[in-house]
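Novice: Below is one structure. I have some questions about it.
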Amino acid sequence: MTDKLICPECGAENVEDAEFCHFCHADLKGDTTVEFIDPQQNDQDDFGLLNGKEEDLTDILHALKQTEEEAVLADETQEDQLPIDEPEDGFDEGEAQEDEGIPDWLHRIRQRATEEDDSLGEITQKISAAKESLKGDKPEEQHENFESWIEKLRGPVGGFVNKEPDAAASDDAFDEKDEEIQEKEPDWLQKIRVAEGKEIVQDDQESLDHGENSLLNWLAALEDSEEDTAEVGDEPDLVDEDMESESVEIDESAETREIPIDETPLYEAIPPKLTITKEERNQADQLTSMILDENAPRPVRAIKRRSKLGAARFFFAILLILSMSLSLFIGGTTGNQSGPIQPHTAGFLSWISDLEESSSILLVFDYQPAYASEINLVSTPILQSLVSKDSEISLISSSVSGTILQRQLLGEIHALETDSIVDLGYFPIGAYGAFGLGMVTSANWQIVGLPESSKALPDGGFDSILILSDTAEGVRTWIEQLTVLMPDIPISLVVTAQSMPMLVPYFDSGQITGMVSGLNDGVILESELSTGILIGNRRRAYQVGLVMLAAIMVIGAVNAGNQNHEEGGAA
Amino acid sequence: MTFSYEILWIVFSFLLTLMVLSYLLGDNIFFRFASHLFIGVMAGYVVLLISNQILWPYLVRPIVNGTLPGVLWLGIPVVLIFMLVLSQFKGLTWIGSLPLAYMAGLAAAIAVGGAVFGTLLPQSRAIVDSFDPAMWYAVPNQTWFRILDAVLMLVGTVGTLSYFHFGRKRKSMTEEDLEKRPAILEGLSKVGQVFIGISLGAVFAGVFSSSLLALIDRLLFIGQFINNLFRSF
């Protein structure tokens, strides 16, 4: 302890006989020297703790706490001899006397320190706070908490030391040295050593430093491990498996540094940070809304009785059948009045009228039995006209039932008995059949050794092609292949009414010479070709059926509109 | 005997017709029986047809009676058929890839070639030809009608093609622009919708027409059957 002059202006230390502050050049004359506490002599005073490292603060506090406990025990023994109020009064008096003896500048500093917390150093604040905590209302509970905290901190250190194989065995050997060292050490340091436990191996001063440094190392390792754990937790895409693998890596690194911590890594106790991406959040929201929607109460929809609707449907169906039957069987077969002739119908008529005698015609059957009545109705007068011209007719079926239908159709006009009809059989898959037929007919080259078809095609090819089809797609396939492979051969069509609108462009482009479809064209053919087939009654039933269907559709539409309106009003 | 055989088939046809028409009362066992009967008969008929019309005349008989070069040529389809059959077994499905690839490639080539040279080019040429003035004046008193027809054909074709154009703006400023077509195509597609609607309406009317004709044919059959039945008594 030396005498120093403290500058009242800046607080700098000056030598005892200095007249001016060496730092701020303030006048130091008349100032009183103060007793300066040398930091190097901290082992002589409790204030020497301020110079210790902050990491050892807990142990130091523990030592202070034990000192306080001893002091309390001593006070308790004195309390038996003194009155109860004396210590407090004596303490106040001592403080008052102390205040009277201190210089004015120190009093101001203390006053400023009490008013402004920032004026105190950090360590001083911690010590003050620790002292205040020790003087709290619940010293026993805090004592227990403090003890447990110290034990928690001490545990890894002791554990680390215990991992040394020879440490436990050599405890007795080092007892004498311990006593000698303890005699040389100050009291506060011995208290700290007692507080840290006797298990610490201290064979020499080096081991002592090692024991002191172990706590520092442990704290540094603890801080590093927390940082590593935080880094793991910050990884947004890690799942549990990744987290486990990451934990293993961290554990290995901890062992390589020989950090004496618990067997269970500290970072395992920290739950992984849950990171949710925006997409996952949206999916979760959708799932939640779906679950809520499923569980939401729904209004019970009244079961509609369909008996009324079924009865109405049955009534209209019977009405349609009866009206068409009456128009079919009552009224005779007169009244064939053909409407305006469409260009494609006129083209067909001109084609069949220009057809020469004994022409070679390819007849393609590409329709299903459901449309046989419509196709047969239109194609019967045509086939009669062809047969009457002694045409050589080659038959091809590109539909499965074509072979049956062609026999039915030709049987009705008694054309099967003639020798001018040749059945070329079934050509599966329209595109393949058309392509194969076109290639065989038009190709100027042949593959050597290729087996010939059992059904021979006409030597001179075909003069014309007539396609009977119920679908626009089937006709288009034949047109696309034949117009390319056999562009000079005219193609005519007999199709259903539903496929006719899709095939008109092929007539406009000149790829087909003519086309007939439906009942109207059948009536025209009947009147133009004068085949004697009367279809007037069918046309009348057809017209009645169209009117009935239109009426039923209107009624159904109105009923549906009213029903929707009622449901909307009810909702 | 022949007469009885024909009568039997006519009665059977009449009953089947009534079974199909019984669907007016809703789905019932008679309608299902007739449907299953038709499907089963058609399946069996297809097997016999292919065997009799395809395999025998174009494969088996040429192999049996043909020359060696012909038999070698026919070995190619035989191998392909054998591979297709093997592909039906578990673990050998990969064997069927070659014949299926051959068939798919051939079908695509035929279909694409036919569509381009049989439909696309001729139809485009027809539209261009419809604006030929010689065509307009070919038929007296129909000049304006042909011009109108040509214009309608052009607008309908462009509009329909625009409707099936699923592009987007080249420079999309907002996300909504990504879902929009260019303004010209959007307008033409609206026009195309009108033409498509008219075409589908015509097809729908044709379906009604064909169905009515089929119903008329069946009604005629039933009427003639009943008429003949009463006449026989």
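The values are calculated or read from the model by the stated rules, or taken from the named source; none is laboratory data. Just so we're clear, the structure is a prediction, and the values are computed from it rather than from any experiment. Positions of Cβ are generated from backbone atoms using ideal geometry, with glycine treated the same way; all protein chains shown enter the neighbour counts. Areas reflect the complete protein model, heavy atoms only, side chains present, ligands, DNA and RNA absent. Shrake-Rupley method; radii C 1.70, N 1.55, O 1.52, S 1.80 Å.
Novice: How many residues are touching a helix residue (DSSP H, G or I) at 6+ places or on another chain (Cβ under 6 Å) and part of a loop (DSSP other than H, G, I, E, B) when one looks only at segment A:385-423?
Specialist: Number satisfying all stated conditions: 6.
Novice: Continuing with this model, one more query. Could you tell me whether any residue of segment B:103-126 is modelled with pLDDT of 85 or more, open to solvent by 50 Å² or more (accessible area, probe 1.4 Å) and more than 11 Å from chain A (Cβ to nearest Cβ)?
Specialist: Yes, the conditions are met somewhere in segment B:103-126.
Novice: Has segment A:528-539 got at least one residue that is free of Cβ contacts under 8 Å to residues at least 12 places away in the same chain, under 52 Å from the mean Cα position of the chain (by Cα), surrounded by fewer than 20 Cβ atoms within 10 Å (Cβ to Cβ) and over 30 Å from residue B:127 (Cβ atoms)?
Specialist: Checked segment A:528-539: no residue is free of Cβ contacts under 8 Å to residues at least 12 places away in the same chain, under 52 Å from the mean Cα position of the chain (by Cα), surrounded by fewer than 20 Cβ atoms within 10 Å (Cβ to Cβ) and over 30 Å from residue B:127 (Cβ atoms).
Novice: To continue, here is another question. Check residue A:542 against each of (1) at pLDDT 85 or above; (2) buried (at least 22 other Cβ atoms within 10 Å of the Cβ); (3) touching a Gly at 6+ places or on another chain (Cβ under 8 Å) and name the one condition it does not meet.
Specialist: Just one mismatch for residue A:542, condition (3).
Novice: Is one or more of the residues making up segment A:423-432 modelled with pLDDT under 75, touching a Gly at 6+ places or on another chain (Cβ under 6 Å) and open to solvent by less than 30 Å² (accessible area, probe 1.4 Å)?
Specialist: yes
Novice: Follow-up. Just a yes or no: is a residue in segment A:305-322 modelled with pLDDT of 80 or more, more than 11 Å from chain B (Cβ to nearest Cβ), open to solvent by less than 90 Å² (accessible area, probe 1.4 Å) and farther than 30 Å from residue A:508 by Cβ?
Specialist: The answer is yes, given that some residue of segment A:305-322 is modelled with pLDDT of 80 or more, more than 11 Å from chain B (Cβ to nearest Cβ), open to solvent by less than 90 Å² (accessible area, probe 1.4 Å) and farther than 30 Å from residue A:508 by Cβ.
Novice: Could you tell me which residue of segment A:481-500 is farthest from the other protein chains (Cβ to nearest Cβ), considering only residues that are touching a Ser or Thr at 6+ places or on another chain (Cβ under 6 Å) and part of a helix (DSSP H, G or I)?
Specialist: Here the residue is A:485.
Novice: Something else about it: Going through segment A:505-526 one residue at a time, which ones are more than 9 Å from every other protein chain (Cβ to nearest Cβ) and in a strand (DSSP E or B)?
Specialist: If the condition is that a residue be more than 9 Å from every other protein chain (Cβ to nearest Cβ) and in a strand (DSSP E or B), then A:514, A:515, A:516 are the ones that fit.
Novice: Same structure, new question: Based on what the data block shows, is residue B:99 within 21 Å of residue B:55 (Cα to Cα) and modelled with pLDDT of 90 or more?
Specialist: Judged against the criteria, residue B:99 is a match.
Novice: Among B:200, B:213, which is the only one that is at the interface with chain A (Cβ under 8 Å from one of its Cβ atoms) and within 20 Å of the chain's Cα centre (by Cα)?
Specialist: B:213
Novice: Looking at this structure, is residue A:372 surrounded by 18 or more Cβ atoms within 10 Å (Cβ to Cβ) and either within 13 Å of chain B (Cβ to nearest Cβ) or touching a residue at least 60 places away in the same chain (Cβ under 8 Å) (or both)?
Specialist: Yes: the conditions hold for residue A:372.
Novice: Going through B:171, B:190 one at a time, which residue ends up being among the charged types (D, E, K, R), open to solvent by 50 Å² or more (accessible area, probe 1.4 Å) and modelled with pLDDT under 90?
Specialist: So the residue among B:171, B:190 that is among the charged types (D, E, K, R), open to solvent by 50 Å² or more (accessible area, probe 1.4 Å) and modelled with pLDDT under 90 is B:171.
Novice: Need the failing condition index for residue A:441 against (1) over 27 Å from residue B:65 (Cα atoms); (2) modelled with pLDDT under 80; (3) more than 12 Å from chain B (Cβ to nearest Cβ), just the number.
Specialist: Condition not satisfied by residue A:441: (1).
Novice: Then there is this: So which residues in segment A:406-421 are away from every other protein chain (no Cβ under 14 Å) and open to solvent by 20 Å² or more (accessible area, probe 1.4 Å), if there are any at all?
Specialist: Scanning segment A:406-421 gives A:413, A:414, A:416, A:417, A:418, A:419, A:420, A:421.
Novice: Here's another thing I want to ask about it. Could you say which residue among B:82, B:117 is closer than 30 Å to residue B:55 by Cβ and among the aromatic types (Phe, Trp, Tyr)?
Specialist: B:82
Novice: Quick check on segment A:358-373: of everything there that is not hydrophobic (A, V, I, L, M, F, W, C) and not in a loop (DSSP other than H, G, I, E, B), which residue is nearest to residue B:218 (Cα to Cα)?
Specialist: Selected residue: A:373.
Novice: Are any residues in segment B:56-105 farther than 26 Å from residue A:425 by Cβ and β-branched (Val, Ile, Thr), and if so, which ones?
Specialist: Of everything in segment B:56-105, those that are farther than 26 Å from residue A:425 by Cβ and β-branched (Val, Ile, Thr) turn out to be B:93, B:95.
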